[in-house]
Amino acid sequence: MATPTTAFQLSGLALRLVRASLLTRDNAEDIQQKAIQKSRSFFTQVAHSKKIPSQQLSRAASEEFGLPLLDINALDLEQAPVDLVAEKLIEKHNVLPLFRRGTKLFLAIADPTDRRALEDVKFHTGLGVEPILVDQDNLALAIEKAREANDTTYSDLVGDDEGLEDIDISSDEEEAKSAEAIVEQIDTPIVRFVNKMLLDAIKKSASDIHIEPYEKKLRVRFRVDGVLHELASPPINLSARIAARVKILSKLDIAERRVPQDGRMKLRLSRNRTIDFRVSTLPTLYGEKVVIRLLDASGTQLGLENLGFESYQQEQYLEAIKRPYGMILVTGPTGSGKTVTLYTALGMLNQPERNICTVEDPVEINVAGINQVNINERANLTFSSALRSFLRQDPDVIMVGEIRDLETADIAVKASQTGHLVLSTLHTNDAPSTLTRLLNMGVEPFNIASAVHLIIAQRLVRRLCDNCKENVEIPEKALLAAGFQEDELDDLQMYESVGCDACTDGYKGRVAVFQVMPVSEQMGNIIMEGCTQQDIENLAKMEEVLDLRRAGLAKVGQGVTSLAEVERVTNL
C-alpha cells in the first residue's frame, strides 16, 4: 500500500516562486518534502534540484527576504578580508567576508535562510554581520579566487624574517615583556598581510601607505595619484602586530613606542628592480601610526619629455642644466614631484666625466654613480656642513635637497658662482615668490641676480583615463572665469572624469604642470634695484612666462586632465 503524500501549505519563497511561474505547485511541494527529509532549507534544495537558474533564484530570494543582491564578479576580491573569518567557517557555511566598516562585517551568502552561518561568524569575529545575497554558482568561484589572492606569499621581501630572534630590547622590564609578547604574536597571517599590502601599493602605483589606529578601528589607506583611498580595515587588535612587523622589516626598535622613529626597507621585485620604502612611525592616542613612502627609482627614468613640460619649457630646462655653473631651483609643496624633476636632470648629467654630489633629508632615490649623503643633525651633518665638505671634493654638480636657511643659501649661491652647477628646492607657491623668499632670507640681491639662472614651480595633476573620459560642455562664462582667453574657446575640446575598471575615479596616473621662469638680465636688474614680488610677477608676464593656472589650462585644452582637477590643484 502506497504511503500517502503530505499536503503542504506553500508560503514564503516557495509561494513566490510558484506565483512567478518559476516552479509549478507540484514541483514546489515535492522540493519542500525532500528538503524536510534531508534536513535542508527549501532554498538549498531548490538550488540543488537545478530546476531554476541560479540568478533567477537569487533575485527571487532577494525580493522575498529583503536582502541586497550583489554581482560578486564586480568586486576586487584581492581586498576581501578573508583572514577575519576562519577558513573552516567559510567552507562549512559557504560564505565570504566582503569588507568591513567599523564594527560591521559585510558577508556574502547564497542561502538567505541560513541564520546559523550568520550567528557563527558573529560569534567567532565579535563583529556585527550584515548579509549580502550573491548568486550561489558565482559564490563558490569567488571564495576560491579570494583564497588564492590572500594566500599569495612574497618570498623576495628583503630581510623578510631578519631580526625576529635577535631583537635588542633595551627598555624597562615592562616594556621589554610587552615587546616580546608582540614578537611572539607576529604570525604568518600578519607577515602575509604586510607583504601583500606592500605589493598591492606597488600594483596600484601608490605613493604612500597610511596605517592608522583609532579607538575602534584600524584603517589602511593608499595615496594614489595624490588622493588618499581607504583600502582595508583590519581588526583593531592587530594594530600593534602590524606596526611591529613593519618596524622589524625597517630595523626599528619595536620596544620603543613612545617616540617617533624613521627607517627604511626594500622589496626586490626582480633582479633589476628594487623598491625602497621610507618608514615613519608616530605615537598617537590609540597606538602607532605608520606611514610608508614608496620610492621607486624607475620613476626618475621616464625621460624629460614625459614629465609634462611644454616644448619651450623643456628647452629652457635643458639649456639650464647644460650650463657648467649656475643655480636651478625647483619649488612646490611636498609631494609635487620636485625630486623626480631634479633626479631626471641628474640622470642626464650622470656621466663618467662628472662628479655629482647630493645632500638630502633623507635620500629618497638611490642612483649608482651619484655620491648621496643623508643629513644627520645629531652628528652635526647638516645641509650647510655637507655643502662645505662637497666643495673640497672637487664636484661638478651639486644637488641640495632643500634650502632652509641663510647659511645653506649663501654656500649654495657661492658654489654656483665658482664653477659648479647647483640644483635645489624651496617651499614656495610659485616661481616669482622664490626670489622674494631668498631676499627675505638675507641673500644679497646681486648674488641672486648673478647665481640663479632658472626657477621651476610645479604641481601634479591627475591624468584623465583614456578609456572612459567623456566630452563635456562648460558655459563660456565659466571658462573665462577659470582663466581661458576668448580666442582659445573656438576649438576647445574639454573632457571630464567618468570612472571604469581600468582607473580610479576616472583618473589614471599624474602629470606635472610647470611654471618655468628664466632669470633674465632685466629680471636681474630689477632684483638689484630692490623690487617687490609684484614687480617680478609683472615682468614674468611680460616675458610670457606661464603661471601654474595657465599651464594647467593648457593641459585641459590638450585633453590630458579636467578643469575640475586643475581648479583643485592650482586654486592659489
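The values are calculated or read from the model by the stated rules, or taken from the named source; none is laboratory data. None of the values given here were measured: they were computed from a predicted structure. Glycine gets a Cβ as well: all are built from the backbone with ideal geometry, and neighbour counts include every protein chain shown. Surface accessibility is based on the protein's heavy atoms, side chains included, excluding ligands, DNA and RNA. Shrake-Rupley method; radii C 1.70, N 1.55, O 1.52, S 1.80 Å.
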Among (1) crowded, with 20+ Cβ neighbours inside 10 Å; (2) modelled with pLDDT under 90, Leu346 falls short only on (2)
Note on Arg40: of the conditions (1) in a helix (DSSP H, G or I); (2) farther than 30 Å from Cys500 by Cα; (3) open to solvent by 10 Å² or more (accessible area, probe 1.4 Å); (4) modelled with pLDDT under 80, unmet is (1)
Among the residues in segment 299-318, are any in contact with a strand residue (DSSP E or B) (Cβ under 8 Å, 6 or more places away or on another chain), closer than 14 Å to Pro518 by Cα, at pLDDT 90 or above and among the aliphatic types (A, V, I, L, M)? no
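What about Ile211, is it outside any loop (DSSP other than H, G, I, E, B), buried (at least 18 other Cβ atoms within 10 Å of the Cβ) and of a type outside the set (S, T, N, Q)?
Values: outside any loop (DSSP other than H, G, I, E, B): yes; buried (at least 18 other Cβ atoms within 10 Å of the Cβ): yes; of a type outside the set (S, T, N, Q): yes.
So Ile211 passes the test.
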Every residue in segment 30-74 that is among the hydroxyl-bearing types (Ser, Thr, Tyr) and out of contact with any strand residue (DSSP E or B) (no Cβ under 8 Å at 6 or more places or on another chain), please. Ser39, Ser41, Thr44, Ser49, Ser54
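Among the residues of segment 258-296, how many are of a type in the set (A, V, I, L, M), in contact with a helix residue (DSSP H, G or I) (Cβ under 8 Å, 6 or more places away or on another chain) and surrounded by 17 or more Cβ atoms within 10 Å (Cβ to Cβ)?
Looking only at segment 258-296, we keep the residues that are of a type in the set (A, V, I, L, M), and these are 259, 265, 267, 269, 275, 279, 282, 285, 290-292, 294-295.
Keeping just the survivors that are in contact with a helix residue (DSSP H, G or I) (Cβ under 8 Å, 6 or more places away or on another chain) gives 265, 267, 269, 275, 279, 290, 292, 294.
Subsequent filtering for residues that are surrounded by 17 or more Cβ atoms within 10 Å (Cβ to Cβ) retains 265, 267, 275, 279, 290, 292, 294.
Residues in segment 258-296 being of a type in the set (A, V, I, L, M), in contact with a helix residue (DSSP H, G or I) (Cβ under 8 Å, 6 or more places away or on another chain) and surrounded by 17 or more Cβ atoms within 10 Å (Cβ to Cβ): 7 in total.
In segment 445-481, how many are polar (S, T, N, Q) and crowded, with 24+ Cβ neighbours inside 10 Å? Break it down stepwise before answering.
Taking segment 445-481 first, the residues polar (S, T, N, Q) are 447, 450, 458, 467, 471.
Filter once more, so that each one left must be crowded, with 24+ Cβ neighbours inside 10 Å: 458.
The total comes to 1.
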Of (1) free of Cβ contacts under 8 Å to residues at least 12 places away in the same chain; (2) over 25 Å from Val340 (Cβ atoms); (3) assigned to a helix (DSSP H, G or I), Glu315 satisfies all except one. Which? (2)
Count, please, the residues in segment 425-446 that happen to be of a type in the set (Asp, Glu) and assigned to a helix (DSSP H, G or I). 0
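Does Gln56 satisfy being open to solvent by less than 60 Å² (accessible area, probe 1.4 Å) and part of a helix (DSSP H, G or I)? Show your work before the answer.
Values: open to solvent by less than 60 Å² (accessible area, probe 1.4 Å): no; part of a helix (DSSP H, G or I): yes.
So Gln56 fails the test.
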Taking segment 258-298 and the residues there that are hydroxyl-bearing (Ser, Thr, Tyr) and at pLDDT 90 or above, the one that is nearest to Lys338 (Cα to Cα) would be Ser280
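Right, Val422: closer than 30 Å to Gly552 by Cα, aliphatic (A, V, I, L, M), free of Cβ contacts under 8 Å to residues at least 40 places away in the same chain and open to solvent by less than 70 Å² (accessible area, probe 1.4 Å) or not?
Details: closer than 30 Å to Gly552 by Cα: yes; aliphatic (A, V, I, L, M): yes; free of Cβ contacts under 8 Å to residues at least 40 places away in the same chain: no; open to solvent by less than 70 Å² (accessible area, probe 1.4 Å): yes.
Considered against the rule, which asks whether it is closer than 30 Å to Gly552 by Cα, aliphatic (A, V, I, L, M), free of Cβ contacts under 8 Å to residues at least 40 places away in the same chain and open to solvent by less than 70 Å² (accessible area, probe 1.4 Å), Val422 comes out as no.
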Checking Pro324 against (1) modelled with pLDDT of 90 or more; (2) in contact with a His (Cβ under 7 Å, 6 or more places away or on another chain): exactly one of these is not met. Which one? (2)
Take segment 224-251 and flag every residue that is open to solvent by 30 Å² or more (accessible area, probe 1.4 Å), in contact (Cβ under 8 Å) with a residue 60 or more places away in the chain and either closer than 15 Å to Val279 by Cβ or in a helix (DSSP H, G or I) (or both). Lys251
Restricted to segment 425-444, and to residues that are charged (D, E, K, R) and within 20 Å of Leu342 (Cβ to Cβ), which residue is most open to solvent (accessible area, probe 1.4 Å)? Arg437
Just the residues that are open to solvent by 10 Å² or more (accessible area, probe 1.4 Å), under 30 Å from the mean Cα position of the chain (by Cα) and within 17 Å of Tyr317 (Cα to Cα), please, taken from segment 516-555. Leu546, Asp547
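Would you pick out the residues in segment 242-271 that are closer than 19 Å to Asn366 by Cα and acidic (Asp, Glu)? Don't jump to the end; show me each part of the working.
Looking only at segment 242-271, we keep the residues that are closer than 19 Å to Asn366 by Cα, and these are 249-251, 262-271.
Selection gives Asp262 alone.
Quick check on my filter: what residues within segment 95-109 are part of a loop (DSSP other than H, G, I, E, B) and at pLDDT 85 or above? Walk me through how you get there before you give the answer.
At the first step, the residues of segment 95-109 found to be part of a loop (DSSP other than H, G, I, E, B) are 95, 102-103.
Val95, the sole residue that qualifies.
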Report every pair of residues separated by at least 6 positions or lying on different chains whose Cβ atoms are under 6 Å apart, first residue within segment 553-566 and in contact (Cβ under 8 Å) with a residue 24 or more places away in the chain, second part of a helix (DSSP H, G or I) and of a type in the set (D, E, K, R). Thr561/Lys555
Say whether the condition of being of a type outside the set (Gly, Ala, Ser), closer than 24 Å to Val519 by Cα and touching a residue at least 60 places away in the same chain (Cβ under 8 Å) is met by at least one residue in segment 354-373. no
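Please work out which residue is surrounded by the fewest Cβ atoms within 10 Å (Cβ to Cβ), limiting yourself to segment 1-19 and to residues that are under 19 Å from Pro112 (Cα atoms) and at pLDDT 80 or above. First the steps, then the outcome.
Here is the first cut: in segment 1-19, the ones under 19 Å from Pro112 (Cα atoms) are 10-18.
Next, only the ones that are at pLDDT 80 or above stay: 12-18.
Working: Gly12: 13, Leu13: 22, Ala14: 23, Leu15: 15, Arg16: 18, Leu17: 26, Val18: 17.
Top of the filtered list is Gly12.
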